[in-house]
Amino acid sequence: MGTVRRSASTGRFVSKAAAARWPGKTTTERVGSGTSNSTTVHRSASSGRFVTESTANRNPSGTISQRV
């Protein structure tokens, strides 16, 4: 199982060095065979915290939706 790092504001992948430089603006995620990709979750783009579906619908440009 591996890890990937993403920018919390854009959702784009970033390097390990970039994540270390800006820990408050990046999220680290586990990927691989242990994830089922069957559940959709929503996160705040600014904080990386999980938010409810209704919050994501009210603020689509400020949230990231992904399947885990």
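FYI, it's all coordinate maths here, none of it is from the lab. Just so it is clear, the model here is predicted, and its values are computed rather than measured. Cβ coordinates were reconstructed from backbone atoms using ideal geometry, including for glycine residues, and neighbour counts include every protein chain displayed.
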task = Could you tell me which numbered condition Arg30 fails, if it satisfies all but one of (1) under 18 Å from Ser9 (Cα atoms); (2) within 12 Å of the chain's Cα centre (by Cα); (3) not hydrophobic (A, V, I, L, M, F, W, C)?
result = (1)
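Taking the stretch 38-49, which residues are surrounded by 12 or more Cβ atoms within 10 Å (Cβ to Cβ) and closer than 20 Å to Pro23 by Cβ?
Step one: list which residues in the stretch 38-49 are surrounded by 12 or more Cβ atoms within 10 Å (Cβ to Cβ), which gives 41-48.
Matches in the stretch 38-49: Arg43, Ser44, Ala45, Ser46, Ser47, Gly48.
For residues that are within 10 Å of the chain's Cα centre (by Cα) and closer than 10 Å to Gly48 by Cβ, tally how many sit in the stretch 8-27.
Filtering the stretch 8-27 for residues within 10 Å of the chain's Cα centre (by Cα) gives 8-13, 26-27.
Applying the additional criterion that residues be closer than 10 Å to Gly48 by Cβ yields 8-9, 26-27.
Of the residues in the stretch 8-27, 4 are within 10 Å of the chain's Cα centre (by Cα) and closer than 10 Å to Gly48 by Cβ.
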